[in-house]
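The values are calculated or read from the model by the stated rules, or taken from the named source; none is laboratory data. Predicted model only: the values in this text are computed from it and were never measured. Every residue, glycine as well, gets a Cβ built from its backbone with ideal geometry; the counts of neighbours run over all protein chains shown.
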Amino acid sequence: MRGDFGDGEAAALRLAGGTPLQTALTVADPLAWLALDTGVRMVDWYRPGHLPQWEHAAPLPAGAASFDEPRLALALCHRDGRIRERAVRQAAAYPALLPLLVIRASDWAKPVRERARALLRDLLVVDTAVALTPLILLVGRRDRGDAAVGLLGEILRGAPHECLGALFGHADRGVRRFVYRLAVEERLLTSAELARTASRDEDAVVQTLCGEAAVATVGDSSTGAPDDDVLTPLLGARFPRVRAIGVTALRRAGRPARAEEFLADRAALVRACARYVLRQHGIDPLPWYRRRCSEPGDAALPPGAAIGLAECGRRTDAALLWPLLTHPTPGVRARVVAGLRTLDVTDTRRLLPLLDDAAPGVVREVTAALLPSARSLDSDWLTARLASDQPRHVRVAAFRLLHAAGGLVPLRASVTLLEDPDHRLRSWAEQSVQGWHPSADLTRGAAEVGELLQRGHHLFSDYAYRRLLREAGLDR
């Protein structure tokens, strides 16, 4: 924020020199007004009198009956509450200074605050309220900032629908949350419009707010709105949260068969909602998963079917998953490994060869499954996969497993990579060496430890290096 304050100080200096308001700062940016408000009061401690920079250059005239627009902007932000109050009285004649009235409506001085609020109530109309919404909501986060937000809500509730269009698509998610919450409370949008908004908006709060409001009418024939107008955009959304809302609404719509389409969704939340809908209608989803996973050669098998089986199946269902480790689709192989881990039936002997898989996603899942067994893995086999001719995802997986093995193994692996051409792997190895400490089962005074630490000597200060040698029993 110091940079913003600096911008505010610079804008104050420009205003003090008579620069017009539109030129002195970016009037369309709410943060510029907040920076100006703070920048006007920023004291220059390195000058006599400890005044803000602009007051050294052009102080406000004492007892002036009125100010021009640039000087009035400075007066509205002045450190002296009496000057701010006098400036608020004059601000009604300058519509361009309404943003500063919004800020003064949360002023810590009660006379200033109350007069600014009264003026805002008289001056704020729909068009200006829409334009000032981002600033009002920012100020609303402050103490005493709720009055302007309440006034904004009153004005927007009575605004024509077309006036709110700019706010529905505003880049600031806080603005969108506010206006959509208002639209839901006042029923300003149809269920179909809310569903389309939920399926498009990037913000999770807006998605949930609009999605849940949209499905409130599903299954209610009295509304006259077709359920498909609501369900279709929700079920086709790319956001898992929105699809989950749509799938759950299938229960109210009495369409459990449609939920079957989402049993293999890529998102766990959506799969869980689909299973819930089916069970509420007396349908067990487990046979569907078993049927889909029973054919290892099924090229059309969705990855979600494998992990879905693990999520609701039993350990014996692992027998259906093991053959799928050779499935031609990388996503299926990755989800199969994740499913085996979910069922707690990981077999290191059968999973270890998959560390050489060409798909990084598969290797990541295999690594996560093998980490609890890292101490029992063949460290020489893993070290061979640190070679620079190996794929990067394989090298990263091997180092993760070696690093988790404990004892001397992570030190050996890290020293091996100290001169590696891969910058990120090399940095990780350096940090590993610096963080290494001998474990209790390591023989004190082991010559190999001394040799390895010597190769990483440049990573330590002399004091830290000597302390580590003592810790390893090599200080003699």
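With respect to Thr190, determine if the residue is under 29 Å from Ile136 (Cβ atoms) and surrounded by fewer than 16 Cβ atoms within 10 Å (Cβ to Cβ). Explain how you work it out, then say what you get.
On the way: under 29 Å from Ile136 (Cβ atoms): yes; surrounded by fewer than 16 Cβ atoms within 10 Å (Cβ to Cβ): yes.
Yes; evaluated as a whole, the condition is true for this residue.
What are the pairs, 6+ residues apart or on separate chains, where a residue within region 283-300 that is under 14 Å from Pro323 (Cα atoms) has its Cβ under 9 Å from a residue that is surrounded by 15 or more Cβ atoms within 10 Å (Cβ to Cβ) and of a type in the set (S, T, N, Q)?
Cβ pairs passing all conditions: Ala299/Thr329.
Could you tell me how many of the residues in region 155-168 are surrounded by 13 or more Cβ atoms within 10 Å (Cβ to Cβ) and either modelled with pLDDT of 90 or more or among the acidic types (Asp, Glu) (or both)?
Residues of region 155-168 that are surrounded by 13 or more Cβ atoms within 10 Å (Cβ to Cβ), as a first pass: 155-156, 159, 163-164, 166-168.
Adding the requirement that they be either modelled with pLDDT of 90 or more or among the acidic types (Asp, Glu) (or both) leaves 155-156, 167-168.
Residues meeting the conditions: 4.
Taking the options Arg121, Arg141, name whichever one is under 20 Å from Ala28 (Cα atoms), modelled with pLDDT of 90 or more and surrounded by fewer than 18 Cβ atoms within 10 Å (Cβ to Cβ). Lay out the reasoning, then the answer.
Values: Arg121 fails: under 20 Å from Ala28 (Cα atoms).
From the options Arg121, Arg141, the qualifying one is Arg141.
Anything in region 356-371 that is in a helix (DSSP H, G or I) and of a type outside the set (Ser, Thr, Tyr)? List them, or say none. If you could, list the steps in order and put the result at the bottom.
Residues of region 356-371 in a helix (DSSP H, G or I): 356, 360-371.
Correct list: Asp356, Pro360, Gly361, Val362, Val363, Arg364, Glu365, Val366, Ala368, Ala369, Leu370, Leu371.
Residues in region 277-288: is at least one touching a Lys or Arg at 6+ places or on another chain (Cβ under 8 Å), closer than 30 Å to Ala214 by Cβ and surrounded by fewer than 17 Cβ atoms within 10 Å (Cβ to Cβ)? So that I can check it myself, show each step before the final result.
Initially, region 277-288 is screened for residues touching a Lys or Arg at 6+ places or on another chain (Cβ under 8 Å), giving 277, 280-281, 285.
Retained after the next criterion (residues that are closer than 30 Å to Ala214 by Cβ): 277, 280-281, 285.
Filter again for surrounded by fewer than 17 Cβ atoms within 10 Å (Cβ to Cβ), leaving 280-281.
Yes, because at least one residue in region 277-288 is touching a Lys or Arg at 6+ places or on another chain (Cβ under 8 Å), closer than 30 Å to Ala214 by Cβ and surrounded by fewer than 17 Cβ atoms within 10 Å (Cβ to Cβ).
Report yes if some residue within region 459-474 is within 40 Å of the chain's Cα centre (by Cα) and loosely packed, with under 13 Cβ neighbours inside 10 Å; otherwise report no.
For region 459-474, residues within 40 Å of the chain's Cα centre (by Cα) and loosely packed, with under 13 Cβ neighbours inside 10 Å: present.
Please state which of the following conditions Ala259 fails to meet, knowing it meets all the rest: (1) modelled with pLDDT of 95 or more; (2) surrounded by fewer than 22 Cβ atoms within 10 Å (Cβ to Cβ).
So the condition that Ala259 fails would be (2).
Counting just the residues of region 459-468 that are of a type in the set (A, V, I, L, M, F, W, C) and either part of a loop (DSSP other than H, G, I, E, B) or in contact with a Leu (Cβ under 7 Å, 6 or more places away or on another chain) (or both), which one comes out nearest to Pro410 (Cα to Cα)?
Of all residues in region 459-468, those of a type in the set (A, V, I, L, M, F, W, C) come to 459-460, 464, 468.
Applying the additional criterion that residues be either part of a loop (DSSP other than H, G, I, E, B) or in contact with a Leu (Cβ under 7 Å, 6 or more places away or on another chain) (or both) yields 460, 468.
Numbers: Phe460: 17, Leu468: 16 Å.
The qualifying residue nearest to Pro410 (Cα to Cα) is Leu468.
Can you find, within region 427-451, the residue that is surrounded by the fewest Cβ atoms within 10 Å (Cβ to Cβ) among those that are hydroxyl-bearing (Ser, Thr, Tyr) and modelled with pLDDT under 90?
So the first thing to find is which residues in region 427-451 are hydroxyl-bearing (Ser, Thr, Tyr), and the list is 427, 432, 439, 443.
Going one step further and asking which of them are modelled with pLDDT under 90, we end up with 439, 443.
On the way: Ser439: 10, Thr443: 12.
Once the filter is applied, the top-ranked residue is Ser439.
Out of all the residues in region 415-458, which are within 40 Å of the chain's Cα centre (by Cα), in a loop (DSSP other than H, G, I, E, B) and not hydroxyl-bearing (Ser, Thr, Tyr)?
Leu417, Leu418, Glu419, Asp420, Pro421, Asp422, Gly435, Trp436, His437, Pro438, Gly456
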